[in-house]
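Novice: Please see the structure below; I have some questions.
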């Protein structure tokens, strides 16, 4: 997708999100959905960058998110670090963790990477619930119940005042989105695509797979960890239920709706999926059932995601219109 | 102390034999079709529920004999249809491997919560296949364990026989070695893909029927089994049947001894450490080819 169209879609989306509190500022229910859309949009974008652009089958995205959340919560609860620094530190920790996970993945072929990263996800549950997790302050099966809210410049951004928190999230979201777009459209992004298409050929052109793969792991896990940490201070309590499969599935629906490797599509995917998830919430036990079925159906029938074909339709109509003018 | 170790060893051996049965099925399906099945654990649970449904509410005549007899066609049809309906249409895409992973992950969630909504969230226990014990010296063996071991080993031998001596088995091997070449000599590739998937479903379903007698049918336990089966396959070398046999017994032992010595909560961590270390040192696995 061209840079111009990407920027148009993203600017339009974030401007729209930016004015939303003017209409829904009083309704906590909708504000909560909007905040979750912003957070998930970035997390899903990171997944798209690592999977769609760099072609690494990383299934550890939720794991990075949870590592960020827990790291920040443990830092601020057990070590009394002010939340702002805790969030930044947690992002750095998650970035390092991402590089660590990325290291064994360098030598491995596609499905093995999925297995290793998914295994990391699965190990986090017994780790955080078990004695090792309790030793570092994860609170075991109960989780961490009192994560302090972020306070910055004398203002407190907590779940009681949703509008300020929304704008804080929006601010961070926009910064991270700019970073991601710059990466995708820079030399790095081209290198990722080259590595995805043919690793040997890319290597012959002097693109170091080692460097770029570790970089993409580090970058995406850093941003994911940042938003995980932000989420921890937003909801104020954490438990290992964040690692359950339905969270992973929600993320997967976003990327399937958006299209793998069709970058801004995943942002729209996040909007649709988070809203859908909220509407399905009263279904209780049937919600994951429906989510699973949705994944199966969408993967089967959506080749490029939902967003990309629509954009193509619009642009082809525009082009047709233009040629029409030219002919007349 | 010594007797305890013998007990742990036997439990590792029994678990290992069933894991071997399941992992061989998984490695076969990966070796032949290159499809990464994330819903494997859910088929294990399907086996458990299949046996439970026939034995407890329906009280089928013949007990476990009829369960095994009915399980073969049932799982073959389930596996065959799933491959034809869900996985085969994806093969035409470039990034179909990723799509298969996503689809099977969604499928596993669907199946797990499907079991929960149909059978309820509580775990179910299966009656043991045979009661009674055998004493060898001071060691007490459950006859159930012996039967499970014999059944899973004979299941594997049976599978090996099918693979090496029947036309279908040889066609499966041909497709695994060179799909295009196999197609040129007239082997129906699509049928072989579906049949392989179906055979692996039968094997994991049998694993479920056998192991759920000891471990209960837990609707949420499928990811655990899936990870185990995948770890064994990766550890043994993807596509290498002998490698996954060894790996299954090693993992069964590791699990039994770590669970006994350190506690069950460390089992998963130990398993995954083993996986990571193996992949870091020998990315192709124990017996895998480069």
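The values are calculated or read from the model by the stated rules, or taken from the named source; none is laboratory data. It should be emphasised that the depicted structure is a prediction, and the values quoted were computed from it without experimental measurement. Counting neighbours? That spans all protein chains shown, and the Cβs are built from the backbone with ideal geometry, glycine included.
Novice: Within region A:232-257, how many residues are part of a helix (DSSP H, G or I) and over 21 Å from residue A:118 (Cβ atoms)?
Specialist: Qualifying residue count, region A:232-257: 5.
Novice: Right, another one. Can you tell me which residue among A:193, A:170 is in a helix (DSSP H, G or I), at pLDDT below 85, touching a helix residue (DSSP H, G or I) at 6+ places or on another chain (Cβ under 9 Å) and surrounded by 13 or more Cβ atoms within 10 Å (Cβ to Cβ)?
Specialist: Among A:193, A:170, only A:193 is in a helix (DSSP H, G or I), at pLDDT below 85, touching a helix residue (DSSP H, G or I) at 6+ places or on another chain (Cβ under 9 Å) and surrounded by 13 or more Cβ atoms within 10 Å (Cβ to Cβ).
Novice: I would also like to ask the following. Restricting attention to region B:216-227, report how many residues are farther than 22 Å from residue B:27 by Cβ and more than 10 Å from every other protein chain (Cβ to nearest Cβ).
Specialist: Step one: list which residues in region B:216-227 are farther than 22 Å from residue B:27 by Cβ, which gives B:216-220.
Right, trim to more than 10 Å from every other protein chain (Cβ to nearest Cβ) and you get B:216-219.
Count: 4.
Novice: Okay, moving on. Would it be correct to say that residue B:246 is without any contact (Cβ under 8 Å) to a residue 12 or more places away in the chain, in contact with a helix residue (DSSP H, G or I) (Cβ under 9 Å, 6 or more places away or on another chain) and more than 11 Å from chain A (Cβ to nearest Cβ)?
Specialist: no
Novice: Follow-up question, since we're still on this one. Just checking, does region B:142-157 include any residue being assigned to a loop (DSSP other than H, G, I, E, B) and more than 14 Å from every other protein chain (Cβ to nearest Cβ)?
Specialist: So far as region B:142-157 goes, no, none of its residues is assigned to a loop (DSSP other than H, G, I, E, B) and more than 14 Å from every other protein chain (Cβ to nearest Cβ).
Novice: Follow-up. In region B:268-290, which residues are more than 14 Å from residue A:120 (Cα to Cα) and within 13 Å of another protein chain (Cβ to nearest Cβ)?
Specialist: Once the filter is applied, which keeps residues that are more than 14 Å from residue A:120 (Cα to Cα) and within 13 Å of another protein chain (Cβ to nearest Cβ), region B:268-290 yields B:278, B:280, B:281, B:282, B:283, B:284, B:285, B:288, B:289, B:290.
Novice: List pairs: first in region A:297-310 and at the interface with another protein chain (Cβ under 9 Å from one of its Cβ atoms), second crowded, with 16+ Cβ neighbours inside 10 Å and modelled with pLDDT of 75 or more, Cβ under 6 Å, 6+ apart or cross-chain?
Specialist: A:298/A:256; A:299/A:256; A:299/B:99; A:299/B:102; A:299/B:103
Novice: Return the residues of region B:97-135 that are in contact (Cβ under 8 Å) with a residue 60 or more places away in the chain, more than 7 Å from chain A (Cβ to nearest Cβ) and assigned to a helix (DSSP H, G or I); say none if nothing qualifies.
Specialist: B:100, B:104, B:108, B:111, B:112, B:115, B:119
Novice: Go through region A:237-262 and report how many residues are more than 14 Å from chain B (Cβ to nearest Cβ), surrounded by fewer than 24 Cβ atoms within 10 Å (Cβ to Cβ) and over 15 Å from residue A:39 (Cα atoms).
Specialist: Adding up the residues that qualify gives 2.
Novice: Continuing with this model, one more query. Consider residue A:56 against the criteria (1) modelled with pLDDT under 85; (2) part of a helix (DSSP H, G or I): it satisfies all of them except one. Which criterion is unmet?
Specialist: (2)
Novice: Let me ask something else. With respect to residue B:74, is the statement that it is closer than 30 Å to residue A:111 by Cβ and surrounded by fewer than 24 Cβ atoms within 10 Å (Cβ to Cβ) true? Reasoning before the result, please.
Specialist: Values: closer than 30 Å to residue A:111 by Cβ: yes; surrounded by fewer than 24 Cβ atoms within 10 Å (Cβ to Cβ): yes.
Spelling it out, residue B:74 is indeed closer than 30 Å to residue A:111 by Cβ and surrounded by fewer than 24 Cβ atoms within 10 Å (Cβ to Cβ).
Novice: So, one more: How about region B:81-90: which of its residues are surrounded by fewer than 19 Cβ atoms within 10 Å (Cβ to Cβ) and more than 12 Å from chain A (Cβ to nearest Cβ)?
Specialist: Those that are surrounded by fewer than 19 Cβ atoms within 10 Å (Cβ to Cβ) and more than 12 Å from chain A (Cβ to nearest Cβ): B:81, B:84.
Novice: Taking residue B:238 as the residue in question, decide whether it is within 18 Å of the chain's Cα centre (by Cα), closer than 28 Å to residue B:107 by Cα and assigned to a loop (DSSP other than H, G, I, E, B). Walk me through how you get there before you give the answer.
Specialist: On the way: within 18 Å of the chain's Cα centre (by Cα): yes; closer than 28 Å to residue B:107 by Cα: yes; assigned to a loop (DSSP other than H, G, I, E, B): yes.
Here the answer is yes, as residue B:238 does meet what is asked.
Novice: Identify all residues within region B:33-75 that are away from chain A (no Cβ under 14 Å), part of a helix (DSSP H, G or I) and at pLDDT below 85; write none if there are none.
Specialist: Scanning region B:33-75 gives a single hit, B:64.
Novice: If a residue has to be facing chain B (nearest Cβ under 10 Å), over 19 Å from residue A:57 (Cβ atoms) and outside any helix (DSSP H, G or I) to count, how many in region A:88-143 make the cut?
Specialist: Total meeting the criteria: 1.
Okay, residues lined up against (1) at pLDDT below 85; (2) closer than 20 Å to residue B:79 by Cβ:
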{"site": "B:171", "(1), (2)": "no, yes"}
{"site": "B:178", "(1), (2)": "no, no"}
{"site": "B:187", "(1), (2)": "no, yes"}
{"site": "B:192", "(1), (2)": "no, yes"}
{"site": "B:198", "(1), (2)": "no, yes"}
{"site": "B:207", "(1), (2)": "no, yes"}
{"site": "B:220", "(1), (2)": "yes, no"}
{"site": "B:238", "(1), (2)": "yes, yes"}
{"site": "B:251", "(1), (2)": "no, no"}
